[in-house]
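Contents: one structure, followed by commentary.
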Amino acid sequence: MSVEGQRHASPQGEPASPLRWLVLALAALAIYSSYYESDAIGPIADLLLRQRGFTQSQIGDLTAVISLPNILLALFNGLLIDRYGPARVTLWAAAIGFVGAVLTAVGTPYSLMWTGRLVFGISEGAIFISLVAGIARWFPRSGVALATAIFLSLARVGSFSLDTSPTWAHRLYADGWQPPLWLGAGITGVGLLAAIAFRLLDAARPPPGHAALVREHIDWSALRKFDLSYWYILGLHVLYAAVFFPFRQTYAIEYLQHVKGLTLEQAGNVNSGVFAAAVFATPIFGLLADRFGHRALMLSFGTLLLPVTFMVLTLTTLSPWVSTVLMGVSFSLVPAIIWPATTLVVEPRRLGTALGVIALLQNLGLWASNRLAGWLADRAGAGPDNPAGYSTMIVFFGAVSLTALTCAVLLWLRESGSRGHGLERARLGALPTHG
């Protein structure tokens, strides 16, 4: 096979389908809507404090609870992907997510809003890993990092849109906490339409090697067959997410308001800069990884920026935009590399299970981190009248980020040796997959 043939071959050695770009567009739209709704509590946190009298722990729990169902279901979701295929699971997840968004928007009493977030959480974990698995099946190995990075960049557009919504949807926020949630429910409905289109396309024109990648039964023994590189990647997945998402989704806007003295619109714009950077930079890092390799080294550098960000934010008088830029680079680099790297160290027939294990432990970490951060803030009396109360929460996030850096360095050391999977090499199209 020629070099050009290798570059555009599917993981099974067949020509890659030109429809893969349409699949990528539909996947991007579906994940955009999921990320928008996932982050929906952050911009209204101050409104919930003032208008409904919620505690910091209650607000944290509205984000933490979306991770709770995936502690129980994430591995099962991965096994379902291996059994029924990503397109079916994406559709099921999108439908459930729409129901959860509607219940959240109704929002009264608190228990109904909490239930809505719980229902949405069933979707939030499943739809992401099903779409990542779907992209890995439709794109060749030599281009999967770029494709995944483009997919992730559109996910960041969802988060960016949500954080800037207090500006472009100012009139909705002026009417209280509920109208912004109805906007989120409508956007989630658009994602459901994209999931329906993906399912119809996948059924009518399956990707090359489609049948070979769907198992005839659920195989629990696959859990024992992942090697050390996978587990280092898993640790990084879990710990990085346990720092980034609880801080940026739930507490960053509030922190910038109460500690840095910004207005809601200013805080939302500063926080959105992290996601704006990721929109443009994530595909660049994905392209660099496909072309030049050094994936584990890039992960180590990106993870190092996470504790540096908290140091700049809390120990200096620099503009909050400096920490936003640093975290934006980190958040552009790490996801752009780690998700395709996961697909490269696991056999395609076990990919759903591998992603399910990651999602299970990641959601456990997200739930625990959100709850612990809220508890620390409440215990220290954090709020507009006591900005110093946020310090213990920031120390907690910094400590977890240093542990994540340890996992990244251990992965780099392993992948630089003879037991690696070629993550440090460029142009992986001709390399075999190790599991």
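Computed from the coordinates by the stated procedures, all read-outs in this text should not be read as laboratory data. In this text, all values refer to a predicted model and were calculated from it rather than measured experimentally. Cβ atoms come from the backbone with ideal geometry, glycine included; neighbour counts cover every protein chain shown.
Some observations on this one:
- Acute angle (nearest 10 degrees) that the helix 86-106 long axis makes with the longest principal axis of the chain, alpha-carbon atoms: 10 degrees
- Cβ crowding within 10 Å averaged over residues, with 313-320, 298-305 ranked highest first: 298-305, 313-320
- Most to least packed among 284-295, 112-123, 170-181 [average Cβ atoms within 10 Å]: 112-123, 284-295, 170-181
- Taking Cα extents along the principal axes in Å as calculated from this structure, the corresponding entry among (1) 71, 45, 44; (2) 57, 55, 40; (3) 67, 42, 37 is (3).
- Extension gain, Leu200 back to Asp175 (0.36 nm per residue minus Cα-Cα distance, nm): 5.1 nm
- Here the 3J(HN,Hα) profile of region 311-319, calculated from phi with Karplus coefficients 6.51, -1.76 and 1.60 at θ = phi - 60°, is 5, 5, 5, 9, 9, 10, 9, 5, 4 Hz, Gly and Pro shown as x.
- The long axis of helix 228-245 is offset from the longest Cα principal axis of the chain by roughly 30 degrees.
- Entry note, region 40-139: relative contact order of 32 percent, from Cα contacts under 8 Å with a spacing of 6+ residues.
- Structural descriptor for region 12-415: relative contact order 29 percent, calculated from alpha carbon pairs under 8 angstrom and at least 6 residues apart.
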